[in-house]
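*Asks:* Dumping the structure here so I can ask a few things about it.
The values are calculated or read from the model by the stated rules, or taken from the named source; none is laboratory data. All values reported here derive from a predicted model rather than from experimental measurement. No Cβ is skipped: glycine too gets one built from the backbone with ideal geometry, and neighbour counts run over all protein chains shown. Protein only, heavy atoms only, side chains kept; ligands, DNA and RNA dropped before computing areas. Shrake-Rupley method; radii C 1.70, N 1.55, O 1.52, S 1.80 Å.
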Amino acid sequence: MKKNLILSLSVILAASSLWAAKEKPKPTPPPAPKAVQAVRTDEPIKVDGLLDERIWQGQAADGFTQNDPMDGEPASEKTRVWVAYDDKALYVAAYCHDSEPSKIVGRLGRRDSRVDSDWFMFAVDPYLDKRTGYMFAVNPAGSIMDLALSNDVNDDESWDGVWEARAAVNGDGWTAEIRIPFHQIRFARKPEYVWGVNFRRIVIRKNEVSSYSWVPKNEAAFVSRFARLEGLRGISPGTHVEITPYTVGQAQFRPAEEGNPFETGRRYGGNVGLDLKASFQGNLTLDATVNPDFGQVEVDPAVVNLTAYETYYQERRPFFIEGASIFSGFGRGGVYINAGMNWPNPAFFYSRRIGRAPQGYVASPGHIESPDRSSILGAAKLTGKVGGWNIGLINALTARENALIDQNGYRFQEEVEPFSYYGAFRAQKDIAKGQHGIGIMATGVLRDTESPVLNGILNKNAFSLAADGWSFLDAKRTYVLGGWVGGTRVAGTVQDILRLQQSSLHYFQRPDAGHVQVDPAATSLSGWGGRLQLAKQRGNFLWVFGIGALSPGFDPNDIGFQRASSDVVNISFIPGYMWTKPGKIFQQALIAFGGLQTYDFGGNKTSEALVSILQGVFRNFWSANLEIVAYPETLSNRLTRGGPMAMSDAGWNANMMLESDGRKPFVLSGGGGVSQNSRDGYSRMVQFSLRWKPSANLSLSAGPQVFTSLSETQWVGRFSDSLMNETFGRRYVFGRIEQKMVSAEVRLNWTFTPRLSLQAYLQPFIAVGAYDRFKELARPRAYAFNVYGEGGSTIDFRNGRYTVDPDGDGPAAAFAFGNPDFNLKSLRGTVVFRWEYLPGSLLYLVWTQNRADYANPGSLDLRRDLGDLLTAPGDNIFLLKLSYRWGS
């Protein structure tokens with residue numbers, strides 16, 4: 001452990017010694033307040049980017065200041081901006097002068113694609129709450145982005161408004177015009193308004209970012225430092241309604257299966273649905289969807305998960321990602337430094353629970369046709385501000401799903417997913433213009449199960465209630481205290497709650513845990529959790545201290561997501577130093593070094609680590625990230641998956657990433673990771689990706705990943721044996737596993753116009769696991785194992801099964817388990833043609849392919865396995881979706 005600590009410290013000292021110009025942190029004086037005058041226009045404004053209207057000949061806002069590369073220096077290129085308005089919309093015009101107009105970079109990209117290009121951005125805070133707002137961006141090619149701003153420094157690009165922007169390049173630079181209807185942004189009705197405003201410009205060839213209202217890079221602020229937008233009078237947010245019906249047709253082709261009436265080789269289907277958006281007096285927006293279809297979203301990547309916990313997948317469905325920040329921001333207000341440090345990080349709301357794959361199974365034999373997801377009958381989302389509170393409310397109903405079973409012509413149904421209700425409510429209030437804040441969050445799930453099978457595996461209902469808040473401890477917002485506290489309660493049948501108590505999130509059946517025990521008669525389970533963070537996040541020297549706890553019964557997973565088990569107390573502290581001024585080696589850099597400890601509620605230390613981090617941007621605008629973690633032996637209450645405590649091995653790991661200058665036609669990114677334990681094994685990972693931008697509208701990226709690992713303690717199973725007194729009458733069996741994984745990701749982005757694009761994604765994936773050296777835990781609280789085939793025990797492999805006699809001729813009974821070796825080969829891909837033929841009206845053409853093969857478990861041969869994958873039968877799905885938006 002001392003060697004690892006010395007290694008971590010040496011990384012910090014070596015990086016510091018490279019710094020030529022040492023910075024002495026100096027307090028940054030507050031910038032002088034700025035104001036921008038919005039001018040009412042009576043003449044029509046044609047949004048064409050030419051700036052030939054009279055209104056743009058008046059006084060402009062200028063005087064931009066760099067954030068990059070020279071923080072605090074005047075912008076190298078002049079920018080002038082005007083703001084105008086009429087009864088219906090806000091207009092923004094920008095003249096981006098350029099001393100070398102032939103070097104202006106304008107790349108075409110699909111909406112919200114952060115392409116490597118020059119950009120002009122307009123940000124506005126209509127409530128002047130200094131925490132929330134909107135940002136609109138346009139580049140010289142006419143590509144656009146829009147984002148919702150929250151928590152002062154956070155942005156959410158999932159928000160999509162209906163607005164216009166055009167740009168034009170001339171001999172002196174380039175110009176842009178933006179029109180934003182008032183009904184697309186929220187603000188309260190008043191006779192006269194003062195809004196927050198900021199402008200930002202990116203000159204990509206210089207990697208220069210400049211702002212009208214400048215905030216030093218060593219200060220965690222953005223919206224709170226906006227200038228004032230004055231002069232808005234006689235406007236109204238009004239009431240606005242948009243209705244977007246859609247129709248979709250789908251054809252699925254897959255290999256026919258002889259004798260299976262459900263697998264004929266082809267399947268056709270169609271659907272219709274409706275989306276609605278309505279804004280009420282500028283304060284509230286209602287989004288509703290009836291019978292939605294999300295067939296145009298990208299497929300999830302293939303993974304191999306050998307843990308006891310489920311895999312987290314990103315939400316990709318537009319209805320659920322738009323405005324999701326109001327829910328995902330719970331517990332994160334005020335504290336901008338993100339340092340999880342082995343914290344389970346529970347989320348009270350995880351929208352992919354809605355419309356998930358059916359959780360039940362079919363108990364009857366026969367040919368089966370089962371739905372691949374639960375149908376969403378309807379969902380509604382209400383967001384906005386009421387009485388100074390930011391609110392978010394989402395409700396959804398999913399259909400009862402049945403599998404169809406065919407037994408030689410006799411058909412019947414079995415329920416695999418109940419009719420369900422999902423709901424989440426969030427409210428958050430800023431106090432003293434964001435100096436303090438409070439909030440609440442509540443969730444609920446109700447299920448109407450008709451199947452005895454589902455009654456035994458699904459909770460009848462689940463509820464959570466939590467509160468969060470923050471308080472800046474000084475006027476400059478250097479120090480902040482923030483956190484959350486909440487509780488969960490689930491209820492179900494005795495069989496269901498018994499299952500839940502013994503699941504991987506709880507493991508109440510642990511025989512040597514005195515603080516938890518299984519209640520066989522329980523019909524509900526409750527728990528609490530909370531986390532508190534104290535941080536210094538202004539200046540060059542930064543730090544964050546965190547302490548959190550999740551009680552053994554805490555369980556948000558019916559509508560939320562938790563990555564690891566409850567029954568945890570986590571303490572962490574990480575200080576760091578940030579350089580924001582360029583030196584001889586780095587443009588900017590961060591060094592941090594800290595530690596963590598984790599305990600269970602029985603007082604057992606279950607993890608401990610020292611962490612060192614180095615992040616930097618070099619003077620040539622390459623970037624690097626290095627992280628080194630060292631950890632000693634600690635107890636593990638999860639290794640035996642509900643069994644007694646064991647010892648987890650000491651070791652270390654290191655991960656590094658490197659990326660070249662993103663402005664170049666070829667962009668290389670890559671990295672690797674290595675871990676080494678004293679006795680338990682190792683892992684090695686290497687990956688890289690090459691992105692090629694042959695033209696302003698085309699981008700192609702591809703790159704492989706190779707992973708190998710060896711672990712002595714991969715879980716196999718548990719087997720009852722009353723003679724195994726050392727481990728409380730059960731044998732906890734593990735195997736040595738050698739894993740090898742080879743995968744790649746290929747992406748194509750071809751943008752014909754800002755509204756017409758083609759995207760393609762392809763992922764070949766091969767993962768092989770070979771098991772040997774099977775063993776059992778010898779005694780609790782130790783890294784000690786009895787290896788089968790040694791010490792008088794025997795192990796025999798026949799007909800795909802292992803048979804173990806743990807004491808040979810002794811009295812212990814033999815037991816058997818299947819061969820756990822695997823060879824998963826997967827090919828997943830999606831091609832999406834997207835045309836926004838009218839604002840908000842879309843046409844999608846989609847082709848999705850999935851194929852898989854499982855031959856030759858435990859053996860990797862790239863040539864053979866790739867051949868098997870490419871010739872494996874696959875599913876091909878073709879989809880056509882058309883939507884039309886009605887609304888002004």
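To keep it simple, each residue is scored yes or no on (1) surrounded by fewer than 16 Cβ atoms within 10 Å (Cβ to Cβ); (2) free of Cβ contacts under 8 Å to residues at least 60 places away in the same chain; (3) part of a loop (DSSP other than H, G, I, E, B).
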{"site": "GLU258", "(1), (2), (3)": "yes, yes, yes"}
{"site": "PHE262", "(1), (2), (3)": "yes, no, yes"}
{"site": "ARG267", "(1), (2), (3)": "yes, yes, no"}
{"site": "ARG332", "(1), (2), (3)": "no, no, yes"}
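*Asks:* So which residues in segment 745-763 are open to solvent by less than 40 Å² (accessible area, probe 1.4 Å) and under 22 Å from the mean Cα position of the chain (by Cα), if there are any at all?
*Replies:* Selection gives ALA760, TYR761, GLN763.
*Asks:* Given (1) more than 21 Å from GLU738 (Cβ to Cβ); (2) of a type in the set (Lys, Arg); (3) touching a strand residue (DSSP E or B) at 6+ places or on another chain (Cβ under 7 Å), identify the lone condition not met by ARG801.
*Replies:* Looking at each condition in turn, ARG801 falls short on (1).
*Asks:* Related question: Is there a residue being without any contact (Cβ under 8 Å) to a residue 24 or more places away in the chain and either over 27 Å from ARG679 (Cα atoms) or hydrophobic (A, V, I, L, M, F, W, C) (or both) anywhere in segment 847-854?
*Replies:* Scanning segment 847-854, I find no residue that is without any contact (Cβ under 8 Å) to a residue 24 or more places away in the chain and either over 27 Å from ARG679 (Cα atoms) or hydrophobic (A, V, I, L, M, F, W, C) (or both), so the answer is no.
*Asks:* Give me a count of the residues in segment 690-738 that are open to solvent by 40 Å² or more (accessible area, probe 1.4 Å), part of a strand (DSSP E or B) and not hydrophobic (A, V, I, L, M, F, W, C).
*Replies:* Number of matching residues: 11.
*Asks:* Any residue in segment 353-369 that's within 20 Å of GLU263 (Cα to Cα) and touching a residue at least 40 places away in the same chain (Cβ under 8 Å): show its pairings with residues that are of a type in the set (Asp, Glu) and open to solvent by less than 60 Å² (accessible area, probe 1.4 Å) at Cβ separation under 6 Å, as long as the two are six or more apart or on different chains.
*Replies:* PRO358/GLU401; PRO358/GLU417; VAL362/GLU414; GLY366/ASP406; HIS367/ASP406
*Asks:* Filtering segment 649-670 down to residues that are open to solvent by 40 Å² or more (accessible area, probe 1.4 Å) and more than 25 Å from the chain's Cα centre (by Cα), which residue is nearest to LEU626 (Cα to Cα)?
*Replies:* Here the answer is TRP652.
*Asks:* Here is a list: PHE815, PHE833, PHE797, PHE822. Which entry is in contact with a Pro (Cβ under 7 Å, 6 or more places away or on another chain) and of a type in the set (Phe, Trp, Tyr)?
*Replies:* PHE822
*Asks:* Does segment 415-435 hold any residues that are touching a Gly at 6+ places or on another chain (Cβ under 8 Å), surrounded by fewer than 20 Cβ atoms within 10 Å (Cβ to Cβ) and at pLDDT below 95, and which are they?
*Replies:* LYS429, ILE431 - these are the residues of segment 415-435 that are touching a Gly at 6+ places or on another chain (Cβ under 8 Å), surrounded by fewer than 20 Cβ atoms within 10 Å (Cβ to Cβ) and at pLDDT below 95.
*Asks:* Conditions: (1) of a type in the set (A, V, I, L, M); (2) in a strand (DSSP E or B); (3) crowded, with 18+ Cβ neighbours inside 10 Å. LEU481 meets all but one. Number of the miss?
*Replies:* Here LEU481 clears every test but (3).
*Asks:* Also: Filter segment 70-88 for residues that are modelled with pLDDT under 95 and among the hydrophobic types (A, V, I, L, M, F, W, C) and give the result.
*Replies:* MET70
*Asks:* Oh, and also: Please name all residue pairs, on different chains or six or more residues apart, with Cβ atoms under 6 Å, provided the first residue is in segment 702-720 and is closer than 30 Å to PRO511 by Cα and the second residue is open to solvent by 50 Å² or more (accessible area, probe 1.4 Å) and modelled with pLDDT of 95 or more.
*Replies:* Qualifying pairs under 6 Å: LEU710/TYR682; LEU710/GLU738; GLU712/ARG736; ARG718/ARG730; SER720/ARG730.
*Asks:* Anything in segment 814-825 that is touching a Ser or Thr at 6+ places or on another chain (Cβ under 9 Å) and either in contact (Cβ under 8 Å) with a residue 40 or more places away in the chain or part of a strand (DSSP E or B) (or both)? List them, or say none.
*Replies:* Selection gives PHE815, ALA816, PHE817, ASP821, ASN823.
*Asks:* Quick check on segment 224-235: of everything there that is modelled with pLDDT under 95 and closer than 18 Å to TYR134 by Cβ, which residue is surrounded by the most Cβ atoms within 10 Å (Cβ to Cβ)?
*Replies:* ILE235
*Asks:* Which of the following residues is of a type in the set (Val, Ile, Thr) and over 28 Å from the mean Cα position of the chain (by Cα): THR606, THR598, THR640?
*Replies:* After applying the criteria, what remains is THR640.
*Asks:* Let me spell it out: the conditions are (1) among the hydrophobic types (A, V, I, L, M, F, W, C); (2) open to solvent by 60 Å² or more (accessible area, probe 1.4 Å); (3) modelled with pLDDT of 90 or more, and PHE280 meets all of them except one. Which number is the exception?
*Replies:* PHE280 satisfies every listed condition except (3).
*Asks:* Quick one: how many residues across segment 604-624 are among the polar types (S, T, N, Q) and assigned to a loop (DSSP other than H, G, I, E, B)?
*Replies:* Residues meeting the conditions: 2.
*Asks:* Still on this structure, I have one more. Anything in segment 616-638 that is open to solvent by less than 40 Å² (accessible area, probe 1.4 Å) and within 13 Å of PRO780 (Cα to Cα)? List them, or say none.
*Replies:* THR634, LEU635, SER636, ASN637
*Asks:* Return the only residue of GLU776, GLU790, GLU726, GLU745 being without any contact (Cβ under 8 Å) to a residue 40 or more places away in the chain and either among the charged types (D, E, K, R) or more than 30 Å from PRO140 (Cβ to Cβ) (or both).
*Replies:* GLU790
*Asks:* Restricting to segment 843-863, what's the tally of residues that are open to solvent by less than 30 Å² (accessible area, probe 1.4 Å) and either of a type in the set (Phe, Trp, Tyr) or assigned to a strand (DSSP E or B) (or both)?
*Replies:* Here the count works out to 3.
*Asks:* While we're on this one: How many residues does segment 764-790 hold that are open to solvent by 10 Å² or more (accessible area, probe 1.4 Å), farther than 22 Å from MET645 by Cβ and touching a helix residue (DSSP H, G or I) at 6+ places or on another chain (Cβ under 8 Å)?
*Replies:* 1
*Asks:* Let me ask you something else. Quick one: in segment 236-248, of everything that is buried (at least 16 other Cβ atoms within 10 Å of the Cβ) and part of a strand (DSSP E or B), which residue is modelled with the lowest pLDDT?
*Replies:* HIS240
*Asks:* Let me ask something additional. Residues ALA767, ALA782: which one is outside any strand (DSSP E or B) and out of contact with any Pro (no Cβ under 7 Å at 6 or more places or on another chain)?
*Replies:* Going through ALA767, ALA782 in turn, the sole match is ALA782.
*Asks:* OK, next. Looking at segment 110-147, which of the residues that are of a type in the set (Gly, Ala, Ser) and at pLDDT 90 or above is nearest to GLY437 (Cα to Cα)?
*Replies:* This residue is GLY133.
*Asks:* Please verify whether VAL742 is of a type outside the set (Asp, Glu), assigned to a strand (DSSP E or B) and touching a helix residue (DSSP H, G or I) at 6+ places or on another chain (Cβ under 9 Å), treating the condition exactly as stated.
*Replies:* yes
*Asks:* For residues that are at pLDDT below 90, in a loop (DSSP other than H, G, I, E, B) and surrounded by 16 or more Cβ atoms within 10 Å (Cβ to Cβ), tally how many sit in segment 310-330.
*Replies:* Matching residues across segment 310-330 total 6.
*Asks:* Does ASN207 meet the test of being modelled with pLDDT under 90 and out of contact with any helix residue (DSSP H, G or I) (no Cβ under 6 Å at 6 or more places or on another chain)?
*Replies:* No: the conditions fail for ASN207.
*Asks:* Please tell me if LEU382 is open to solvent by 60 Å² or more (accessible area, probe 1.4 Å) and either farther than 22 Å from GLN252 by Cβ or not in a loop (DSSP other than H, G, I, E, B) (or both). Lay out the reasoning, then the answer.
*Replies:* Details: open to solvent by 60 Å² or more (accessible area, probe 1.4 Å): no; either farther than 22 Å from GLN252 by Cβ or not in a loop (DSSP other than H, G, I, E, B) (or both): yes.
No: the conditions fail for LEU382.
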